[in-house]
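Trainee: Just dropping this structure here.
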Amino acid sequence: MSRRPRVVVTRHLPDPVERRITDLFDAELNRADMQLSPVQLVEAMRSADGLITTVTDGLDAAILAVHPRRAGIVANFGVGFNHIDIAAATANGIVVTNTPGVLTDDTADLAITLMLMVARRAGEGERRLRAGAWTGWRPTQLLGTRMTSATLGIVGMGRIGQAVARRAHQGFGMRVIYHQPNPVALDDELGATACASLEELLAQSDVVSIHCPATSATRHLIDATALAHMRPDAILVNTARGDVVDEAALAESLRTGRLRGAGLDVYEDEPHVHPGLLDLENVVLLPHLGSATQQSRVAMGMRAIDNLIDFFAGQDPRDRVT
């Protein structure tokens with residue numbers, strides 16, 4: 001197109017990303033960083049050639065089917081796109097892209113962080129110290145559990161799952177097992193063994209780390225029945241998507257001591273967290289920090305821009321998902 005494409009950016013992005021957006025496009029930025037309402041998203045679909053969206057933007061069938069519509073592409077800032085109705089986008093001829101790969105290492109690092117925080121009871125210790133309740137070193141103070149040589153079970157062996165496996169195996173000498181519905185080719189350096197079923201993985205693991213996508217098939221994949229297969233001294237970590245885990249069932253397992261602990265970075269109804277989790281000492285709760293490094297967030301933004309450039313040039317975007 002001869003004129004500069006008009007692009008609506010739904011959230012405030014890192015400064016280098018926004019500078020590039022304004023250099024390339026007729027851009028409407030969201031400096032106030034307030035989540036757009038469904039009405040505002042509809043208006044964006046009508047007034048812009050493309051959108052850069054995030055996980056906080058629920059693009060349902062009604063928004064994607066709006067008529068008249070100008071937008072031909074939704075460039076998602078993030079690897080997950082379960083907040084976008086892909087079937088509706090396809091039906092309405094809207095291209096959807098994501099940003100895979102660029103956030104792998106940082107999300108894997110955070111999964112390891114959560115494992116260690118729960119295993120070593122770091123959250124409890126910090127809260128105790130900040131509250132002035134620490135009375136000094138004691139031989140039996142906040143005894144945790146060792147990660148070295150423990151068994152790590154990975155649910156979903158994609159890019160991030162493999163990055164976690166590599167860190168765990170090479171850094172901590174952990175035995176790695178995994179469950180992946182579709183076969184994957186793994187490097188020998190991962191030292192990972194496939195489990196025939198999720199139940200087999202849960203029963204064998206000292207730590208279970210969730211890395212599968214959010215789909216209708218994985219919603220509440222980890223429910224009360226699945227949690228009952230886990231060892232009482234096991235730890236659950238979720239840095240994937242919140243609705244993979246039934247938070248109510250998890251809270252009950254943690255409250256009753258059926259499970260040692262959990263580390264969560266994502267939640268079913270963000271930013272709300274199941275109240276049963278908030279008062280428990282044996283769970284570490286982080287505010288969706290998986291890719292929250294300057295490097296990852298800038299790379300994600302640049303990748304979204306590259307997808308827009310391809311689309312407006314009449315090319316198939318590199319990261320097209322529909």
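Trainee: How large a share of the accessible area of the stretch 122-248, in percent, is made up of carbon and sulfur atoms when the probe is 1.4 Å and the other protein chains stay in place?
Mentor: 51
Trainee: Now a separate question. Accessible area per residue for the stretch 212-313 in Å², computed with a 1.4 Å probe and the full protein assembly in place, what is it?
Mentor: For the stretch 212-313, the per-residue accessible area is 43 Å².
Trainee: Please report, in Å, the Rg and the Dmax of the chain, where both are computed over Cα atoms only.
Mentor: My reading of the Cα-based Rg and Dmax gives 21.4, 72 Å.
Trainee: Which FRET efficiency, nearest 0.05, do Ala131 and Asp269 yield, Cβ-Cβ r, R0 22 Å?
Mentor: 0.15
Trainee: So, one more: Can you report the principal axis dimensions of the stretch 165-322 using only the alpha carbons, biggest first, rounded to whole angstrom?
Mentor: Sorted from largest, the Cα extents of the stretch 165-322 read 57, 40, 31 Å.
Trainee: No solvent, one uniform scatterer per C-alpha: report log10 I(q)/I(0) for the stretch 98-143 via the Debye equation at q = 0.13, 0.14, 0.23 1/Å, two decimals.
Mentor: -0.45, -0.50, -0.83
Trainee: Using a 1.4 angstrom probe on heavy atoms only, work out the carbon and sulfur share of the accessible area of the stretch 269-322 in %.
Mentor: 53
Trainee: Apply the Karplus curve 6.51 cos²θ - 1.76 cosθ + 1.60, θ = phi - 60°, to the phi angles in the stretch 192-206 and return the couplings in whole Hz, x for Gly and Pro.
Mentor: Going residue by residue, I get 9, 10, 6, 9, 5, 9, 4, 4, 4, 5, 4, 6, 9, 8, 7 Hz, with x marking Gly and Pro.
Trainee: Please report the equivalent ellipsoid semi-axes of the stretch 254-315, computed as sqrt(5 x eigenvalue) of the Cα gyration tensor, largest first, in whole Å.
Mentor: Square roots of five times the eigenvalues give 38, 12, 9 Å.
Trainee: In terms of modelled amide H atoms, which long-range or inter-chain residues lie less than 5 Å from the amide H of Val284?
Mentor: Under 5 Å from the amide H of Val284: Ala262, Gly263, Leu264.
Trainee: Over the stretch 1-148, give the accessible area per residue in Å² for a 1.4 Å probe, as an integer.
Mentor: Heavy-atom SASA per residue in the stretch 1-148 reads 50 Å².
Trainee: Further question on the same structure: Between the DSSP loop rule and a limit of at most 11 other Cβ atoms within 10 Å, which trypsin sites (Lys or Arg not before Pro) in the stretch 20-73 are left?
Mentor: Filter output for the stretch 20-73: Arg31.
The values are calculated or read from the model by the stated rules, or taken from the named source; none is laboratory data. Please read all numbers here as calculations on a predicted model, not as lab measurements. Glycine gets a Cβ as well: all are built from the backbone with ideal geometry, and neighbour counts include every protein chain shown. The area values use the complete protein model at the heavy-atom level, side chains included, leaving out ligands, DNA and RNA. Shrake-Rupley method; radii C 1.70, N 1.55, O 1.52, S 1.80 Å.
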